[in-house]
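A.B. asks: Structure provided below as structure tokens; questions to follow.
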């Protein structure tokens, strides 16, 4: 690998501290199992059900870990975030719990369910054109400076990665209660924050478990970056209905962590994702958004061996009903 | 009330013993909460998510409690059950875990997802005409005698009621962990076994909590039986898409328990149920079948006051995808 820092930008102590900060606030989501899916896989599959998290995705974890640790004056002045939807809702909810005003920069074409979910927590929303000239980071940075707001980045941030890592910590604890150890963990990957956190926690408990990123075709920047040992971006004209996973390239910190800890990145098609969403409906009774289903999609499509014990992170369930109905 | 037995046909000790029998086998389903649904209700709502139970409904609990306690010879000879679907799957799965052969008598028009879910556990299925001459109980009794199989009744059985009661016991424990007490509990009601068990457990922890049955319009036999103090049946030509709740009349034992413990029975329309299924999709990310959604339907339709703390049992999620899609 290209980098070999003395200390990685995220440690298990960070994740443990996040778990402490989140105690009593976060939902400890269940680890589900399905006989039918086990039979199909030829191994044991466990599903970490983050659609049942506050705001319907894992994003609340990182956002709360970050915002709750801001100094009181900064928190009172308010926070700002840019997001296609799930980070928006996570920041809005975390800000609500921390009594911080929140301003969210969202693309105009974000799913309605994600815009509503953000507004519900009292956050203000500013929309932008996803295909416009000014990148969303720049818009948010400008507004942050103008209005004296603290930026809550979606993934490239130690506290955010640590908060998302509590997903992996809970997986470790829940498997330990069953006296089981995972052979591999499949994690949906956009900017790489969830993967970095989960990998850090999982490797702490189970150094031999393989952690695989899973990305939609056309947005496999992390898979290619891991394979090539340096940061790769996506084609500007790529498209996928996995709206939660459309980051243009890996984060710097997240990639540094993931290079150290992750096995081969997996890639799935939108068709495979749709099959996975229907399978989760039938066998797990859980609503998955496209980006939340990529791990199951990789498993069902045979993208990785499934002997032994595989944990699949189902990262979110914020999907418009019309799209979900069309998939069923 | 018409009856006033010295000892009710179900006690909290029965439920506690069932919880012991089910330990390590049953899924301890989560108690979910949604800010959006709380706002709509004007009170705090908690949802006991039995779609996440083995077989996708609460029915596994009672079936396992019954079958695991049969004497070994009886168990080895096999069990038989009649069911429109959820009890069928519950018995099939429990028999699988107990190494007992299972024969299930199902209506020809049971949802495909429920027939598949039953066959998956290795049970044999015999179908019958729901509108035919011989009642399903008689068909099952005849087959039980011919083949020396032990009958596992769907609700009118002490061990079945006790097993379903573990839903209420978990609710009590989960609320206690939050330092909360329920003002009322809403329970989907077909034959009344789930209600009898849940009411027995809840009243043990919280004598002042009101337990309300919820039934689909046309199948409000328990509501009328509770109001009139004696067992009432439904009209033969009634129809509802809540296929899990179409029992013709309350059980004898279940009604005896429910008369002692339950408040007013609530009734909802199929339209109100469809609205509830869509709301659970949006806000809880849980798949509900029609019969599993009647409690939420009653809450959203304003059938009962929702001040304070209301627990709603979501009893199952085995619904055909085409029906679910049409509701979204």
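The values are calculated or read from the model by the stated rules, or taken from the named source; none is laboratory data. Just so it is clear, the model here is predicted, and its values are computed rather than measured. Glycine gets a Cβ as well: all are built from the backbone with ideal geometry, and neighbour counts include every protein chain shown.
A.B. asks: Which condition number in (1) at pLDDT below 95; (2) out of contact with any strand residue (DSSP E or B) (no Cβ under 9 Å at 6 or more places or on another chain); (3) within 14 Å of chain A (Cβ to nearest Cβ) is the one that residue B:60 fails?
C.D. replies: (1)
A.B. asks: For residue A:240, work out the one condition from (1) in a loop (DSSP other than H, G, I, E, B); (2) touching a strand residue (DSSP E or B) at 6+ places or on another chain (Cβ under 8 Å); (3) modelled with pLDDT of 95 or more; (4) more than 14 Å from chain B (Cβ to nearest Cβ) it doesn't fulfil.
C.D. replies: If we test residue A:240 against (1) in a loop (DSSP other than H, G, I, E, B); (2) touching a strand residue (DSSP E or B) at 6+ places or on another chain (Cβ under 8 Å); (3) modelled with pLDDT of 95 or more; (4) more than 14 Å from chain B (Cβ to nearest Cβ), just (3) comes out false.
A.B. asks: Continuing with this model, one more query. In segment A:243-292, how many are in a loop (DSSP other than H, G, I, E, B), under 16 Å from residue A:221 (Cα atoms) and either under 17 Å from the mean Cα position of the chain (by Cα) or within 14 Å of another protein chain (Cβ to nearest Cβ) (or both)?
C.D. replies: The number of residues fulfilling the criteria is 8.
A.B. asks: With A:159, A:175, A:186 as the choices, which residue is out of contact with any strand residue (DSSP E or B) (no Cβ under 9 Å at 6 or more places or on another chain) and at pLDDT 95 or above?
C.D. replies: After applying the criteria, what remains is A:159.
A.B. asks: On the given criteria, is residue A:40 within 14 Å of another protein chain (Cβ to nearest Cβ), over 24 Å from residue B:30 (Cα atoms) and touching a residue at least 40 places away in the same chain (Cβ under 8 Å)?
C.D. replies: So residue A:40 passes the test.
A.B. asks: Additional query: Mind listing just one residue for me: the one in segment A:184-210 that is within 14 Å of the chain's Cα centre (by Cα) and in a loop (DSSP other than H, G, I, E, B) and, of those, surrounded by the fewest Cβ atoms within 10 Å (Cβ to Cβ)?
C.D. replies: A:191
Condition check ((1) more than 21 Å from the chain's Cα centre (by Cα); (2) modelled with pLDDT of 95 or more; (3) surrounded by fewer than 17 Cβ atoms within 10 Å (Cβ to Cβ); (4) assigned to a loop (DSSP other than H, G, I, E, B)) across all residues:
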residue	(1), (2), (3), (4)
A:131	yes, no, yes, yes
A:145	yes, yes, yes, no
A:212	no, yes, no, no
A:215	no, yes, no, no
A:224	no, yes, no, no
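A.B. asks: Residue A:48 fails exactly one of the following numbered conditions: (1) in a helix (DSSP H, G or I); (2) more than 11 Å from every other protein chain (Cβ to nearest Cβ). What is the number of that condition?
C.D. replies: It is condition (1) that residue A:48 fails.
A.B. asks: Restricted to segment B:79-117, and to residues that are touching a strand residue (DSSP E or B) at 6+ places or on another chain (Cβ under 8 Å) and within 12 Å of chain A (Cβ to nearest Cβ), which residue is surrounded by the fewest Cβ atoms within 10 Å (Cβ to Cβ)?
C.D. replies: Here the residue is B:96.
A.B. asks: Do we have residue A:15 as in a loop (DSSP other than H, G, I, E, B), buried (at least 18 other Cβ atoms within 10 Å of the Cβ), more than 10 Å from chain B (Cβ to nearest Cβ) and touching a residue at least 60 places away in the same chain (Cβ under 8 Å) here?
C.D. replies: no
A.B. asks: Take the residues in segment A:305-328 that are more than 14 Å from every other protein chain (Cβ to nearest Cβ) and under 20 Å from the mean Cα position of the chain (by Cα); name whichever of them is farthest from residue B:120 (Cα to Cα).
C.D. replies: A:313
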